[in-house]
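Right, I'll just put the structure down here and ask away after.
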Amino acid sequence: MNPAAVRFNFSKTRILAIDDSPQGADILSQILVGFCVEQITKAASAEEAKAKLVREEFNLIIADDKMPGPDGYSVIKAIRADPKGINYTVPIMLASARPTKSNCLRARDAGANYVLAKPFVPSVVLSAIHLIASINREFVTSDNYRGPDRRFRIGPLPAGVQERRADELRLLQAPERAMSQDEVSALFG
Amino acid sequence: MAHARVFLPPNPLEAALGGPEDPIGASLELRAAELVRALGPGLRIHVAEQIAIVERIAAASEDVLFAESHALGDAALAICEVAGPAGLGPLGEGARGIVAMVDALINQGVWHTEALRLHIAALAMFSANPGLPPREAARVLADLQGLRDGIGVLD
């Protein structure tokens, strides 16, 4: 269903937004305020985020990939490293201005639920939230991977839906090319 | 022995799916877009500061340009992240080309001074002409893309 037609209520949604760039953080915050999210917590570094993650339980984490010092990937790994942590299975979106295939796969392997291409666009952010909210995905804890279950079954495509893996196959020819949000979404099922 | 545990955790975002009295996504998107638009003036100042950094590095010798390529890439990336919301879409796309050039240097060892300087000149041109007709802007961006393709830089 098109998220533009879906009804949302973010009054009880707690979101942690991690971005070292004040401008990037402002854009994301304003988008979330526009969505009527009432509980937005900001962190300007991975260390600040990790300190908050120990104390507070969140419904969603959005982390910038590139930050001075420990980056967004390290935040994801830290969250997924502690099965007893209060945010162990929380949905995590990695935000990237360079969503190349290798960066997306790195995010996926770290345990991210989704990659958001920057600059943030309200409709894209809402679509991503809607996608995660609508699907109850299993979670895998193993020695080498901790994160959402990536397996999916291949069945006949619904009417009007085009094959998305064709884009992925094309990407394999140029793994360092920055991808569109649609191409990124195809990698996350 | 390796093992895997698969379980279904609670979905903490499920409660965000609202009921009949809650606003629809389209209205939330519009509200968010308006709030982002209000950030425009501040974002444009930030973009101007980053362009000044790019131009300062570009004005130096080739050796300095090479040595400062990380700083150049960081400034261009900062432009990419905000140019669209600042209402400077083509400028952001121009900056994205510079990021691709710097990434190509770091990841592939591809270094073409003149091509990089051309990208920086295009960025300056977009900055000086924010009202450039979209068709002309698209042509310049397509030419830059063709240049990158020609020298083996992957976007």
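Would you compute, from DSSP H runs of 4+ residues alone, the mean residue ellipticity of the protein assembly as shown at 222 nm, taking -39500 (n - 2.57) per run and dividing by the full residue count, rounded to the nearest 500?
-16000 deg cm²/dmol
OK, next. Within 10 Å of each Cβ in peptide A:31-43, how many partner chain Cβ atoms are there on average? Round it to a whole number, please.
3
Long-range amide H contacts for A:L116: which residues qualify at under 5 Å (H placed 1.01 Å from N, peptide plane, sequence gap of 5 or more or a different chain)?
A:L94, A:A95, A:S96
Separate question: How many percent of all Cα-Cα pairs in region A:48-95 sit more than 13 Å apart?
51
Among DSSP bridges having both ends in the protein assembly as shown, what percentage is antiparallel? Round to the nearest 5.
On the way: 10 of 27 bridges.
Counting only bridges with both partners in the protein assembly as shown, antiparallel ones make up about 35 percent.
Taking amide hydrogens as modeled 1.01 Å from N in the peptide plane, which residues meet the under 5 Å criterion relative to A:R14, leaving out close sequence neighbours?
A:N59, A:L60
Taking beta carbons within 10 Å but only from partner chains, what does the mean come to for residues B:75-83?
4
What percent of all Cα-Cα pairs in the protein assembly as shown falls in each 20 Å bin, counting up from 0?
29, 58, 13, 0
I need the phi-derived Karplus couplings for region B:52-58: 6.51 cos²θ - 1.76 cosθ + 1.60, θ = phi - 60°, integer Hz, Gly and Pro marked x.
4, 5, 4, 5, 5, 5, 5
Specify the inter-centroid distance of region B:110-155 and region B:1-46, based on alpha-carbon positions, in whole Å.
One Cα centre to the other: 34 Å.
Binning every alpha carbon pair distance of region B:23-151 at 5 Å from zero, what are the percents per bin?
Cα pair-distance distribution for region B:23-151, in percent: 2, 11, 21, 21, 18, 12, 7, 5, 3, 1, 0, 0.
May I pose another question? Peptides B:69-77, B:32-40, A:33-41: what's the order by average Cβ count within 10 Å, highest mean first?
Those peptides, ordered most packed to least, come out B:69-77, A:33-41, B:32-40.
Region A:1-87: which trypsin sites (Lys or Arg not before Pro) are DSSP loop and have at most 10 other beta-carbon atoms within 10 angstrom?
A:K84
Continuing with the same structure: Each label point is 7 Å from the Cα along the Cα-to-Cβ direction; what then is the distance between the points at A:E48 and A:D109, in nm?
3.0
Are any of the pairs A:K52/A:K101; A:K84/A:K118; A:K52/A:K84 more than 25 Å apart by Cα-Cα distance, and if so, which? If you can, show how the numbers build up before the last one.
Details: A:K52/A:K101 30 Å; A:K84/A:K118 32 Å; A:K52/A:K84 16 Å.
Check vs 25 Å cut-off fails for A:K52/A:K101; A:K84/A:K118.
Between B:A128 and B:I24, what is the spin-label point distance in nm, taking each point 7 Å from the Cα along the Cα→C-beta axis?
Modelled inter-label distance: 4.7 nm.
FYI, it's all coordinate maths here, none of it is from the lab. This one's a predicted model, so the numbers in the text were calculated from it and none came from an experiment. Cβ atoms come from the backbone with ideal geometry, glycine included; neighbour counts cover every protein chain shown.
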